[in-house]
Amino acid sequence: MSLAEPPAAPGPSPSASPGGDGSSDDAPPRPPFAQDWRRIARMGAIGAIGQIFISLSNMPVKLDGRAIIEGVLSLGYLSLVVLPLASGSRVGHQIRREGVPHHRPGAHEIIGGAACGALVGGGLSLLAVLIANFDLREPLVNWSPILADLLGFNRGTAFAVIIWLAIGAAVGAAGGLLRVVPPLARRVLWTMVLTLFGAAVLESLTTDLAEGMGIEGLIEWFYAPRGGLTITGAIALAAGSGVLAFVARGRIKGAKSRIDALEGPARNRANLGLILATAAVLVILPMFAGKLTNELLANVGLFVLLALGLNIVVGLAGILDLGYVAFFAVGSYSAAVLTAATSPKIHPELPWFVALIGVVLLTGLVGLFIGAPVIRMRGDYLAIVTLGFGEIIRLLFLSDWLSGWFGGSQGITNIPGAEIFGLATVAGTDPRSVFYLVLAFCAIAIYVSWRLERSRIGRAWMAVREDETVAEAMGINTVNVKLLAFVVGAVLGSFSGAIFSAKVGSVFPASFLILVSIVILVVVIFGGMGNIVGVVAGSAVLIGVLGGPKQPGLLAEFSEFKLLIYGALLVWMMLARPEGLIPSVRRTRELHQEEMAQDAWLRGQTEDDNGGRDATASTAATSGSTVEAARLAGESA
Amino acid sequence: MSAPAQAASGTQASGPAQQPILETRGLGVDFGGLKALDGLDLAVYPGEIVSVIGPNGAGKTTLFNAITATVAASEGDILFEGESLIGLDPNRVTSRGIARTFQNVRLFANMTVLENVMVSQHCRTRQSVFGALLYTKAFRNEEAEITERGKEVLSFFGSRLTGYRFDQPAYTLSYANRRRLEIARAMATQPKLILLDEPVAGMNPTESAELTGLIGRLRDEWGFAIVVIEHDMEVVREVSDRVVVLDHGVKIAEGDYADVSVDPQVIEAYLGHGATA
Ligand SMILES: Nc1ncnc2c1ncn2[C@@H]1O[C@H](COP(=O)(O)OP(=O)(O)O)[C@@H](O)[C@H]1O
Ligand SMILES: [Mg+2]
């Protein structure tokens, strides 16, 4: 059908079709010891190196102080069984695709998992031997000698060697078992594990809330005095969540699909109900919470607000802005300068809400100034230049040259709280009020994102993100549209900055390191770029658990390793789930497959065409069309 | 100015002195020494379907790229409705009234089918950020119009892109449907002239016959002038009022299908390439 040009490849679809994806039940299991030993060895070696790395970073020792289940499991030991479990499960992973033979999971997976897990655990055995015989403290300074005791359970090196092989094998086998058990059992198991982990992580939060509600007695039963779940509490939680998961099987999905199936006003009512319920929880919760919890909630909210702003730039418009902290900084500083009496040269000392107008205008202007040169670049260049601008802004605030305005490295102090129309003053001394203020602005940011996404502006942003050249060819002024995204993102970020300065009461250049940009980017990617729910959930969970660049999270023990974990998480996300935990476009698998089947059918058709070319050539010749004959002759040549 | 004058007469009652909707004068495109187009004169009249054919690498796609300002013309002029397009940004060319499809289908893959045809109305709509945030009546009216026009262009292809497909991401579409959606997206920009780059490539005979009919209807019912690059001679014979043959960036023949298909120079171009390929 074409001259010599082959027809363009039909889409990026992998060669899967519904017909070939046979159910696993009729496939035979594989003999238990017919393992892919090379794969096991490779994954085991990688896992072992990972274990050694984690140990030498001193993470297990630092985290050992935090109990998950009293006397049974600490966060430190948990950090040492994650890799054996993951690799034990991973090794049994099969690629289900048409034409690739697969088999029913069984003993083969468990044994493979155990072997791989033992190798990974063996990394620690090796480490124990090394520690006992060589002075590793000389080159590797991070780890503390307590590690040896931790690895050997205080029973010496030989015990450490054996026990880690055994633990690795057992945990790896459990990972393999996850492949074997039916999906329902897997879901129940995961629910139990996550509930236990979640309950342990949320300990300070739940304790605090329970105190606020006057139900400490219950909490004392669940949590041990020195932290961690009590054994009885853990058993009760595991059993309860397991039963719940079993009872709820299919129902949550069913309820969700019923809501999705609703249309028109009914759908709106359902959505409104959901939003109101969430809002009610968020408004009522802090009333029972103490200062520390509210402080945490306020910090999380500030980052959610930043994440929502960055989401417009990166998630919707696809502009990889690595200097987003600049707008947080400009928001903070302009609010500080406009409201604080101590700000060196300028003395307007406006009320916070009046100053906010100035903050928005200033940040919008800075957004335009930075955006205008940056926006004409693409991809990597753009990312690097925004990185530079982020630093330039910070250095300007730090510089002696502008210290008359911004106080140089001393920053601006004694910033008054934000006065809300004479009703209340929001300041760091009352984190609950800060949280409510943040909540209000998060609501605004969510509304803005949600409205814009469903407007011609938002669609233009998405088009630019998908294919800038084509967007331009479809009549979109890409420069203007991208600039607009930059400015809208900047303004949302400045809100967070303005609240931040009122909350903390002082701003310093050191609060606006490039790290802030990176952390916000990670939480946006983690939750799912372009999806509001994903971004909010992702940033709330990550910042809540791990903490912000300088703010502690629920797992304060992680503070030293926060960046390591953020980095590891980012790498893993990009490899495994680049679309984020909650992707922005729902992928309807069945329909996808239907279309792929069509593609496959189409490919079959084109091949038939090529096969029948000679026949066509002869008809063309008889029909007297010389061009056609010539074309076909040329084609077969 | 001699050959094209009669061309539009086939379908529409147009005076011989009618102004071409699109005209290139001595158009040249230079890729660092390689002349992808060289002194090309071409005129397209309102209500006309012109096919551009030629062997691979003849410069057909480059012609589209030059018209839509995706690549810069190094010499000559491009006139649309009598006004030069040289120096305009691609989005300005589109808002003047030229829309195109791409040889290697380039949809906004993660946007839904409906969003694809909604977003391409961008240059025909006005609402600002504030309209969207305040959810004004004007905004809602415009959204409704955009949606309706989007659905209208999609229903041009029967039920293939309608119904539940409205809300499917474009990447879930079959290959043929992707090509259809590209055409719908071009239609939604409300152009006067549509440039189709190999619209039936990769389609099976039934599908390509159907699309051939649709190309005719695009002109008859929607009133677009159409330039179509096509390798499938069946399609070319069916749809063209006039055929332009390019080789090495130069126009080597022009006329109606019957004349061009027996032109010795054209046969030479094809056979010559075939022999050396
Ligand atoms: N962006 C580009 N840069 C350099 N060379 C190009 C570019 N686009 C096309 N060409 C060259 O120009 C010539 C014409 O290409 P094209 O217009 O795509 O041919 P076709 O007639 O097959 O559509 C080819 O030799 C091609 O390699
Ligand atoms: Mg081409």
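The values are calculated or read from the model by the stated rules, or taken from the named source; none is laboratory data. All values derive from a computational prediction rather than experimental measurement. No Cβ is skipped: glycine too gets one built from the backbone with ideal geometry, and neighbour counts run over all protein chains shown. Accessible surface areas use protein heavy atoms only, side chains included; no ligands, DNA or RNA. Shrake-Rupley method; radii C 1.70, N 1.55, O 1.52, S 1.80 Å.
For the range A:153-246, which chymotrypsin sites (Phe, Trp or Tyr not before Pro) are in a loop by DSSP, counting at most 14 other Cβ atoms within 10 Å? Walk me through the numbers before you get to the answer.
Details: sites: A:Phe153, A:Phe159, A:Trp164, A:Trp190, A:Phe197, A:Trp221, A:Phe222, A:Tyr223, A:Phe246; in loops: A:Phe153.
For chymotrypsin sites (Phe, Trp or Tyr not before Pro) across the range A:153-246 that sit outside H, G, I, E and B with at most 14 neighbouring Cβ atoms in 10 Å, the list reads A:Phe153.
What is the range B:149-201's relative contact order, in percent, from Cα pairs under 8 angstrom and six or more apart in sequence? Intermediate results must be reported in sequence, preceding the final value.
Numbers: 24 pairs, mean separation 20.2, N = 53.
So the answer I get is 38 percent.
Under a 5 Å amide H cut-off, with hydrogens placed 1.01 Å from N, B:Leu37 pairs with B:Val29 among residues at least 5 apart or on other chains.
Rounded to whole numbers, the Karplus 3J(HN,Hα) couplings from phi for the range A:238-248 are 4, 4, x, 5, x, 4, 4, 4, 5, 5, 7 Hz, using 6.51 cos²θ - 1.76 cosθ + 1.60 with θ = phi - 60°, and x at Gly and Pro.
Would you please put A:500-509, A:560-569 in order of how densely packed they are, using the mean number of other Cβ atoms within 10 angstrom per residue and starting with the highest? Let's see the in-between values first.
Working: A:500-509: 22.7, A:560-569: 16.1.
Sorting A:500-509, A:560-569 by mean packing, highest first, produces A:500-509, A:560-569.
Accessible-area rank, largest first, for A:Asp400, A:Asp467: A:Asp400, A:Asp467, with all protein chains present and a 1.4 angstrom probe.
Using a/c under 1.5 as the rounded threshold, could you call the range A:86-216 rounded, prolate or oblate? The axes a ≥ b ≥ c are square roots of the C-alpha gyration tensor eigenvalues, and prolate needs a/b larger than b/c, oblate otherwise.
Details: a/c = 2.59, a/b = 1.06, b/c = 2.43.
Oblate, because a/c is 1.5 or more while a/b does not exceed b/c.
For A:Ser506, the residues 5 or more places off, or on other chains, whose built amide H falls under 5 Å of its own are A:Ile415.
Here the 3J(HN,Hα) profile of the range A:431-443, calculated from phi with Karplus coefficients 6.51, -1.76 and 1.60 at θ = phi - 60°, is x, 5, 5, 4, 4, 4, 5, 4, 4, 4, 6, 4, 4 Hz, Gly and Pro shown as x.
Tell me the chymotrypsin sites (Phe, Trp or Tyr not before Pro) within the range A:395-494 that lie in a loop according to DSSP and have at most 16 other beta-carbon atoms within 10 Å.
Values: sites: A:Phe397, A:Trp401, A:Trp405, A:Phe406, A:Phe421, A:Phe435, A:Tyr436, A:Phe441, A:Tyr447, A:Trp450, A:Trp461, A:Phe486; in loops: A:Trp401, A:Phe421.
Answer in residue order: A:Trp401, A:Phe421.
Per residue, what volume in Å³ does the convex hull of the Cα atoms of the range A:184-255 enclose?
Details: hull volume 7.1 nm³, N = 72.
Considering the Cα atoms of the range A:184-255, their hull volume per residue is 98 Å³.
In plain terms, the bigger the Kirkwood radius, the slower the diffusion; for the range A:28-148, with that radius from Cα pairs, at 37 °C and 0.692 mPa s, Stokes-Einstein puts D at 207 µm²/s. In this entry, the protein assembly as shown is assigned a mean projected area of 45.6 nm², taken as a quarter of its C-alpha convex hull surface. Other protein chain C-beta atoms within 10 Å of residue C-beta, averaged over B:65-76: 1. Equivalent ellipsoid of the range A:452-570: semi-axes from √(5λ) of the C-alpha gyration tensor, largest first, are 31, 18, 12 Å. Counting only Cβ charges, +1 for Lys and Arg and -1 for Asp and Glu, the dipole size of the range A:184-255 around its Cα centre is about 680 debye.
When you filter the trypsin sites (Lys or Arg not before Pro) in the range A:343-440 for DSSP loop state and at most 16 other Cβ atoms inside 10 Å of their Cβ, you are left with A:Lys345, A:Arg376, A:Arg378. The count of lysine pairs in chain B with alpha-carbon distances below 23 Å, taking only pairs 8 or more places apart or on different chains, stands at 6. For A:Lys562, give me every one of the lysines with a C-alpha distance below 26 angstrom, ignoring sequence neighbours fewer than eight places off in its own chain. A:Lys562 reaches A:Lys62, A:Lys291, A:Lys503, A:Lys550. Entry note, chain B: relative contact order of 26 percent, from Cα contacts under 8 Å with a spacing of 6+ residues.
Please quote Rg/Rh for the range A:266-589 to two decimal places, taking the Kirkwood radius as Rh and restricting both calculations to Cα atoms.
Values: Rg = 19.1 Å, Rh = 19.9 Å.
A ratio of 0.96.
Across the range A:32-180, the mean sequence separation of Cα contacts (distance under 8 Å, 6 or more residues apart), normalised by length, yields a relative contact order of 34 percent.
Counting Cα-Cα pairs of chain B in 5 Å increments starting at 0 gives whole-percent bin shares of 1, 6, 12, 16, 18, 17, 13, 9, 5, 2, 1, 0, 0, 0. Comparing mean-square fluctuations of B:Gly249, B:Gly216, B:Gly33 from a GNM of chain B with C-alpha springs under 10 Å, the top value falls on B:Gly33.
With Cα atoms as the point set, the radius of gyration and Dmax of the range A:362-422 evaluate to 15.7, 48 Å. Annotation: amide H of A:Val426 within the under-5 Å range of A:Ala418, A:Glu419, A:Ile420, sequence separation 5 or more or interchain, hydrogens built in the peptide plane.
By its C-alpha gyration tensor, with a ≥ b ≥ c as the square roots of the eigenvalues, how is the range A:362-507 shaped: rounded for a/c under 1.5, else prolate for a/b larger than b/c, else oblate?
Values: a/c = 3.35, a/b = 1.46, b/c = 2.29.
Verdict is oblate for the range A:362-507.
Applying the Karplus relation 6.51 cos²θ - 1.76 cosθ + 1.60 with θ = phi - 60° to the range A:145-159 yields 3J(HN,Hα) values of x, 4, 3, 4, 5, 4, 5, x, 6, 6, 10, x, 5, 4, 4 Hz, where x marks Gly and Pro. Peptide B:226-237 is shielded by partner chain Cβ atoms: per residue, an average of 3 of them sit within 10 Å of its Cβ. Between the range B:147-162 and the range A:353-403, the alpha-carbon centres lie 43 Å apart. Just to be sure I understand: if I project the alpha-carbon convex hull of the range B:44-112 onto a plane and average over all orientations, what area do I get in nm²? With every direction weighted equally, the projected area is 6.2 nm².
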